[in-house]
Amino acid sequence: MKNWLNNLSSKTFSRQFRYATLCLASLLSWQVPAAWYEAQGQAVIVNGNKEAARKQATEEAIKQALLFAGASVHSVQTLTNGLLSSESFQVSANGEVNDVELVREKWHADYITVTLRADIFASADQCNSAVLQKYIATSHFPLQHPAQAQDGQIQALSAELPVALKNTLRHQQSAVTIQHISPYAVKWWDSPVMEQAPALARQGKSQYTLAASVTDLSLERKPPSLATFWQADNATRQFALQIDIIDSVNGARIFSRQYHNSAQWEFDRFSQVDVAGQAFWQSQYGAMISSVLSEISRDVTDALACQPLTGRVLRVNNDQLDVSVGLAHGVAVGDILSLYQTERFTNQYGQEYQQYRLYPTRVRVIEAFADTATVVAEDNGILANIQPNDFVTKR
């Protein structure tokens, strides 16, 4: 691979040929656990040896796509399913590689381009990323129907819920941490507002935004019968919470689910309930909310387990880079990271996709601090065309 890069850089190719281009074949509006990753590999034809160039381009495309998606390619030798003629590979993935297909081969005057597509599903209990700390930013959870909070005067639940979820994640020793809670409510149900979710994550020095909205706090009171007129009302209150996790890197929705439950409401209509107090959380309704938050904590942890740890290049200093991931994220001296850039494109049907442009040289951590690290090129390689705000990732 190193020889190929050296040969390739000596040619007068444009910058794009020094990268493997990755196209995540899922719409930006929703990122599913299984996704098609499309990768291109190029190789120079040396001394007219087309077969060697084809093999080299195929190997590069496979490695770039599958390693970036979380798999580990052990070998590239002979194919048994006929997709790549005499080439094949054995894949040991941090999850499941369902299929790999040859999309096209294109021969040029002195190089070849091979395009492959891999269908990859990451498994939360196997991937290396599951041990890396993931940071989330959120806000107060807005009440979509504020009038429903008047019975009991529980408007403060908007501010209390993100704190309770943060504590639940910590008590479960999750690899997910709510790093930042903005002290205001955001109307996440408005599409233009949701599009700004990545900005909240960047503001809170986090990779993800948790966009949560309380969609139902309605209460039904059934008056006692004539035979039991001395008893209090029999009241049942609903609790519904919409949760979305947004990746600040590409704006993709990683996770989306609505949680709904109900429980007896033990407080009379004239009470002003302290939603931060023990009386509330020890009531049947408070216990039900705690149970819902525990379920959310488990689901969010599972959803982010195999997502790669991603940061940004903060500064380029000759042959060293400062990046925005460090000890708190699980990064240590000696770790190997990948660099890439992203851009969006729209196909002929108006569908928007995210394209990953992976830098061919990986970097090694030489110093790690609380939330930053310093890296250099692996194997004494050369870092060129790297800019602040390019992305760095660890799986």
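Conditions (1) without any contact (Cβ under 8 Å) to a residue 60 or more places away in the chain; (2) within 23 Å of the chain's Cα centre (by Cα), marked per residue:
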| residue | (1), (2) |
| --- | --- |
| L337 | yes, yes |
| N347 | yes, no |
| R357 | no, yes |
| P360 | no, yes |
| I366 | yes, no |
| L383 | no, no |
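Out of segment 143-154, which residues are out of contact with any Phe, Trp or Tyr (no Cβ under 7 Å at 6 or more places or on another chain) and either surrounded by 16 or more Cβ atoms within 10 Å (Cβ to Cβ) or outside the structural domain of F270 (by TED's automatic domain parsing) (or both)?
L143, Q148, A149, D151, I154
Report whether or not S256 is outside any loop (DSSP other than H, G, I, E, B) and under 18 Å from the mean Cα position of the chain (by Cα).
Criteria met by S256.
So, in segment 153-182, how many residues would count as being modelled with pLDDT of 95 or more and on the phi > 0 side of the Ramachandran plot?
Within segment 153-182, residues that are modelled with pLDDT of 95 or more and on the phi > 0 side of the Ramachandran plot number 1.
Do you know which residues across segment 186-212 are surrounded by fewer than 20 Cβ atoms within 10 Å (Cβ to Cβ) and in a loop (DSSP other than H, G, I, E, B)?
The answer is K187, W189, D190, E195, Q196, K205.
Search segment 361-395 for residues being farther than 25 Å from D247 by Cβ and of a type in the set (D, E), and hand back the single one that is surrounded by the fewest Cβ atoms within 10 Å (Cβ to Cβ).
D379
Any residue in segment 291-301 that is modelled with pLDDT of 90 or more, crowded, with 19+ Cβ neighbours inside 10 Å and not assigned by TED's automatic domain parsing to the domain that holds H171?
Within segment 291-301 (the criterion being modelled with pLDDT of 90 or more, crowded, with 19+ Cβ neighbours inside 10 Å and not assigned by TED's automatic domain parsing to the domain that holds H171), the answer is no, since none of the residues qualifies.
Among the residues that make up segment 320-333, is at least one of them within 21 Å of Q242 (Cβ to Cβ), at pLDDT 90 or above, over 17 Å from the mean Cα position of the chain (by Cα) and surrounded by 19 or more Cβ atoms within 10 Å (Cβ to Cβ)?
no
Hey, among the residues in segment 155-185 that are under 27 Å from A235 (Cα atoms) and hydrophobic (A, V, I, L, M, F, W, C), which one's surrounded by the most Cβ atoms within 10 Å (Cβ to Cβ)?
Residue satisfying both the conditions and the ranking: L165.
Inside segment 22-64, can you point out the residues that are polar (S, T, N, Q), at pLDDT 50 or above and surrounded by fewer than 23 Cβ atoms within 10 Å (Cβ to Cβ)?
Scanning segment 22-64 gives N47, N49.
Looking only at segment 155-185, how many residues end up being farther than 22 Å from R253 by Cα and assigned to a helix (DSSP H, G or I)?
10
So the check is Cβ under 6 Å with 6+ separation or different chains; which pairs have a first residue in segment 312-333 that's not assigned by TED's automatic domain parsing to the domain that holds S174 and a second one that's acidic (D, E) and surrounded by 12 or more Cβ atoms within 10 Å (Cβ to Cβ)?
From residues that are not assigned by TED's automatic domain parsing to the domain that holds S174, the pairs are V313/D390; L314/D322; R315/D322; G326/D371; A328/D371.
The values are calculated or read from the model by the stated rules, or taken from the named source; none is laboratory data. This structure is a prediction, so every number in the text was calculated from the model and none was measured. Cβ: placed from backbone, ideal geometry, glycine included. Neighbour counts: every protein chain shown.
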